[in-house]
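In what follows, a structure is listed as structure tokens, so that the remarks can point back to it.
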């Protein structure tokens, strides 16, 4: 991929994937960011933007809870499937 004639390095993806759902408002804001400043900020797609945000959050919680180190990986299928409970959602509302 090229942005303004400059090649953009892309991470190699493997077959492990995690999908995320967003509210309509959040999805519209992601698209608005991409349209307004995506190329200036280096985001070629919504996935690039979301991936960068997730990586920042991973580093933050690694610093806070694991001495800045990565945790051992957890294979696909090892987490509880499904949506969060109402109690879980209430605890994790935007602050």
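At a glance:
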quantity: Those residues of region 40-95 which are at pLDDT 90 or above, part of a loop (DSSP other than H, G, I, E, B) and under 22 Å from residue 23 (Cα atoms), in sequence order; calculated: 43, 44, 45
quantity: Filter pass, residue 5 being over 19 Å from the mean Cα position of the chain (by Cα), at pLDDT 95 or above and exposed (fewer than 11 other Cβ atoms within 10 Å of the Cβ); calculated: no
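The values are calculated or read from the model by the stated rules, or taken from the named source; none is laboratory data. Every value quoted in this text rests on a predicted model; they were computed, and no experiment measured them. Cβ atoms come from the backbone with ideal geometry, glycine included; neighbour counts cover every protein chain shown.
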